[in-house]
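What follows is a single structure, written as structure tokens, with notes after it.
The values are calculated or read from the model by the stated rules, or taken from the named source; none is laboratory data. This is a predicted model, so every value here is computed, not measured. A quick note on method: Cβ atoms are made from the backbone with ideal geometry, for glycine too, and the neighbour counts reach across all protein chains shown.
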Amino acid sequence: MKKKFKSFIALAMSAAMLVSGAAVASAAEVAEPAPAAETSVSQEITISPRASDEIVWKFRVYNGVIQKRRWNATKQVWVDPYWINVT
């Protein structure tokens, strides 16, 4: 069974090489350079302003100590990784 499979693969690869070789040869004989056509490309670039991030301070009282932390109101995430003591 393995011998038949190997023979089949070898035959298929040989056929593929013959077909691709003939296609390359015929393409090389037939291929002519195409005439250059004038093309014009028109692109309109528009720039739209984006809102900058709005950063606000948030305060809390934790164990009697006032703390602050920056909050990005645009992205809804904390800017600072931890609370900072005010006093």
Go through S42, S14, S52 for me and flag whichever is loosely packed, with under 10 Cβ neighbours inside 10 Å, modelled with pLDDT of 75 or more and of a type in the set (G, A, S). S52
Under 7 Å by Cβ, and 6 or more places apart or on different chains, what pairs join a residue from segment 54-65 that is closer than 12 Å to D80 by Cβ with one that is among the basic types (K, R) and assigned to a strand (DSSP E or B)? I55/R70; W57/K68; W57/R70; K58/K68; K58/R69
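Being aliphatic (A, V, I, L, M), in a loop (DSSP other than H, G, I, E, B) and either surrounded by 11 or more Cβ atoms within 10 Å (Cβ to Cβ) or touching a helix residue (DSSP H, G or I) at 6+ places or on another chain (Cβ under 7 Å) (or both), is that true of even one residue in segment 63-76? Let's see the steps before the verdict.
First, pick out the residues of segment 63-76 that are aliphatic (A, V, I, L, M): 65-66, 73.
Those still in the list that are in a loop (DSSP other than H, G, I, E, B) too: 73.
If we keep only those that are either surrounded by 11 or more Cβ atoms within 10 Å (Cβ to Cβ) or touching a helix residue (DSSP H, G or I) at 6+ places or on another chain (Cβ under 7 Å) (or both) as well, we get 73.
Looking through segment 63-76, at least one residue is aliphatic (A, V, I, L, M), in a loop (DSSP other than H, G, I, E, B) and either surrounded by 11 or more Cβ atoms within 10 Å (Cβ to Cβ) or touching a helix residue (DSSP H, G or I) at 6+ places or on another chain (Cβ under 7 Å) (or both).
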